[in-house]
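Reviewing the structure listed below.
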Amino acid sequence: MRALQCDEYGSVAQVRLVQKEVPGQPGPDEVVIDVAYASVSHAVGLMVEGKYQTRPPLPFSPGTEAVGEVVAVGKDVTRLKPGDAVVAVAPWGCYAERIKLPEYTVYPIPDGLNLLDALPIPISYGTAYTGLLWRCGLKPGESVLVLGAGAGVGLAAVELATQMGARVIACASTAEKRQAALERGAVAAVVPGPDLARQVKEAADGRGADVVVDPVGGELFGYAVRAAAHDARLLSIGFASGSMPEVPANIMLVKNLTLHGFFFGRYIGWTPAKESIVHAPALQQAMRTMLTWAQEGRLRPSVARVFPMSGLADAMALLHSRQVVGKLAINIKE
């Protein structure tokens, strides 16, 4: 089978297309998936560079999220069967024509939802859903400030917080991204910068945001702290800006703020402890909810552009440009 392979940690440009052995028969709790598309993310780039929390043994195929069709199941698998359309999460390996995975991080796609629309659900939407509910305990009627609101996780957070009954204020760097957030339920769209607190308070009846979702980091985090309401919860889920923020502890203290660090990888098997099996029942329920919402049109997962397998470096460059609305994907069949 064809696969992309990273032979040494470094630039994504070094990843090459190779021929590899097709995965063997699944174990008792495993499934084999014929992959159609796989997503592109900052995590993939960091993994190839050897800078991510997880360092795969070399050589390895990158890719952490895929959609396709089940072609074989182990004897103990009851949730899935050959022929099922599925979306899956893996520690790595999704940039290959076939992949073998534990069944508990593979999720059936409901009828009527196409593969590309399902692709962003597990990681982008899963991160936003579990962060908002499991960590921040979001309640209907609260105000939510979403930073990086035009990209994958940010745009997912806008949609999901809206579905949960929150009043969403979207912060994004371009007019196109702000418009996309407004079309997906945000009640206001603001511009990142030193003036953020004033803009947010104008949109939140003068009191600031009850929850701040931050996949960006950098100096924008400091501006967001000033835009938070008293007793607010801050959710730190990544550093797309390329720099980690400095936490203004004095403002955190005076405003009685809570900072939640959140690593979604803990729930999907990206830690040495491989905790995914522990969290599988709760996560499977969350995925069913989100995939059903997408099927019903209550969520609008967006893949902005699809690249061939030879286009991974181009896809990563576009992602790093921060001009993408939604997600990028690799066509494994092309």
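Once the range 216-239 is narrowed to residues that are of a type in the set (A, V, I, L, M, F, W, C) and either part of a strand (DSSP E or B) or not assigned by TED's automatic domain parsing to the domain that holds ILE169 (or both), the residue that is nearest to ASP205 (Cα to Cα) is ALA229. Taking (1) of a type outside the set (Lys, Arg); (2) touching a Gly at 6+ places or on another chain (Cβ under 8 Å); (3) more than 16 Å from SER302 (Cβ to Cβ) in turn, GLY148 satisfies each apart from (3).
Here ALA189 clears all of (1) of a type outside the set (Phe, Trp, Tyr); (2) assigned to a helix (DSSP H, G or I); (3) in contact with a strand residue (DSSP E or B) (Cβ under 9 Å, 6 or more places away or on another chain) except the condition numbered (2).
So which of ALA175, ALA170 is out of contact with any Pro (no Cβ under 9 Å at 6 or more places or on another chain), surrounded by fewer than 23 Cβ atoms within 10 Å (Cβ to Cβ) and either among the aliphatic types (A, V, I, L, M) or without any contact (Cβ under 8 Å) to a residue 24 or more places away in the chain (or both)? Outline the logic, then answer.
Details: ALA170 fails: surrounded by fewer than 23 Cβ atoms within 10 Å (Cβ to Cβ).
Exactly one of ALA175, ALA170 is out of contact with any Pro (no Cβ under 9 Å at 6 or more places or on another chain), surrounded by fewer than 23 Cβ atoms within 10 Å (Cβ to Cβ) and either among the aliphatic types (A, V, I, L, M) or without any contact (Cβ under 8 Å) to a residue 24 or more places away in the chain (or both), namely ALA175.
Residue check: ILE332 meets all listed conditions (1) within 30 Å of GLY112 (Cβ to Cβ); (2) under 19 Å from the mean Cα position of the chain (by Cα); (3) touching a residue at least 40 places away in the same chain (Cβ under 8 Å) but one, namely (2). Looking at the range 218-228, is at least one residue of a type in the set (Gly, Ala, Ser), over 15 Å from SER173 (Cβ atoms), under 26 Å from the mean Cα position of the chain (by Cα) and surrounded by 22 or more Cβ atoms within 10 Å (Cβ to Cβ)? Yes; the residues of the range 218-228 include at least one that is of a type in the set (Gly, Ala, Ser), over 15 Å from SER173 (Cβ atoms), under 26 Å from the mean Cα position of the chain (by Cα) and surrounded by 22 or more Cβ atoms within 10 Å (Cβ to Cβ). Pairs linking a residue in the range 12-23 that is of a type in the set (Ser, Thr, Tyr) to a residue that is surrounded by 13 or more Cβ atoms within 10 Å (Cβ to Cβ), with Cβ atoms under 7 Å and 6 or more positions apart or on different chains, do not occur.
So, GLY242, is that one out of contact with any Gly (no Cβ under 9 Å at 6 or more places or on another chain), of a type in the set (Gly, Ala, Ser) and in a loop (DSSP other than H, G, I, E, B) or not?
Details: out of contact with any Gly (no Cβ under 9 Å at 6 or more places or on another chain): no; of a type in the set (Gly, Ala, Ser): yes; in a loop (DSSP other than H, G, I, E, B): yes.
Taking the combined requirement at face value, the residue does not satisfy it.
With the structure loaded, tell me whether TYR95 is assigned by TED's automatic domain parsing to the domain that holds GLU296 and under 16 Å from the mean Cα position of the chain (by Cα) or whether it fails that test. It is false that TYR95 is assigned by TED's automatic domain parsing to the domain that holds GLU296 and under 16 Å from the mean Cα position of the chain (by Cα). Any idea how many residues of the range 59-75 are touching a residue at least 40 places away in the same chain (Cβ under 8 Å), within 16 Å of VAL89 (Cα to Cα) and of a type in the set (D, E, K, R)? Total satisfying the criteria: 1. Going by the conditions given, is LEU234 crowded, with 16+ Cβ neighbours inside 10 Å, without any contact (Cβ under 8 Å) to a residue 40 or more places away in the chain and not small (Gly, Ala, Ser)? It is true that LEU234 is crowded, with 16+ Cβ neighbours inside 10 Å, without any contact (Cβ under 8 Å) to a residue 40 or more places away in the chain and not small (Gly, Ala, Ser).
In the range 246-261, is there at least one residue being under 30 Å from GLU65 (Cα atoms) and among the small types (Gly, Ala, Ser)? If you could, list the steps in order and put the result at the bottom.
Of the range 246-261, the ones under 30 Å from GLU65 (Cα atoms) are 259-261.
After this cut, where a residue has to be among the small types (Gly, Ala, Ser) as well, the list is 261.
Taking every residue of the range 246-261 in turn, at least one turns out to be under 30 Å from GLU65 (Cα atoms) and among the small types (Gly, Ala, Ser).
If a residue must be among the hydrophobic types (A, V, I, L, M, F, W, C) and surrounded by fewer than 16 Cβ atoms within 10 Å (Cβ to Cβ), how many such residues does the range 188-216 contain? Don't jump to the end; show me each part of the working.
The initial filter retains those residues of the range 188-216 that are among the hydrophobic types (A, V, I, L, M, F, W, C), namely 188-191, 196-197, 200, 203-204, 209, 211-213, 216.
This time we only want the ones that are surrounded by fewer than 16 Cβ atoms within 10 Å (Cβ to Cβ), so: 191.
Counting residues in the range 188-216 that are among the hydrophobic types (A, V, I, L, M, F, W, C) and surrounded by fewer than 16 Cβ atoms within 10 Å (Cβ to Cβ) gives 1.
This table checks each residue for (1) out of contact with any helix residue (DSSP H, G or I) (no Cβ under 7 Å at 6 or more places or on another chain); (2) closer than 30 Å to MET1 by Cα; (3) in contact (Cβ under 8 Å) with a residue 40 or more places away in the chain.
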| residue | (1), (2), (3) |
| --- | --- |
| ASN250 | yes, no, no |
| PHE264 | no, no, yes |
| ARG298 | no, no, yes |
| VAL303 | no, yes, yes |
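Of the helices (runs of 4 or more DSSP H) contained entirely in the range 248-330, those carrying at least 1 residues that are out of contact with any strand residue (DSSP E or B) (no Cβ under 7 Å at 6 or more places or on another chain), surrounded by fewer than 15 Cβ atoms within 10 Å (Cβ to Cβ) and not polar (S, T, N, Q) fall at 249-255, 276-295, 312-320.
Within the range 13-29, the set of residues being out of contact with any Leu (no Cβ under 6 Å at 6 or more places or on another chain) and buried (at least 21 other Cβ atoms within 10 Å of the Cβ) comprises just one member, PRO26.
The values are calculated or read from the model by the stated rules, or taken from the named source; none is laboratory data. Note that the structure is predicted; figures quoted are calculated from it, not measured. Cβ coordinates were reconstructed from backbone atoms using ideal geometry, including for glycine residues, and neighbour counts include every protein chain displayed.
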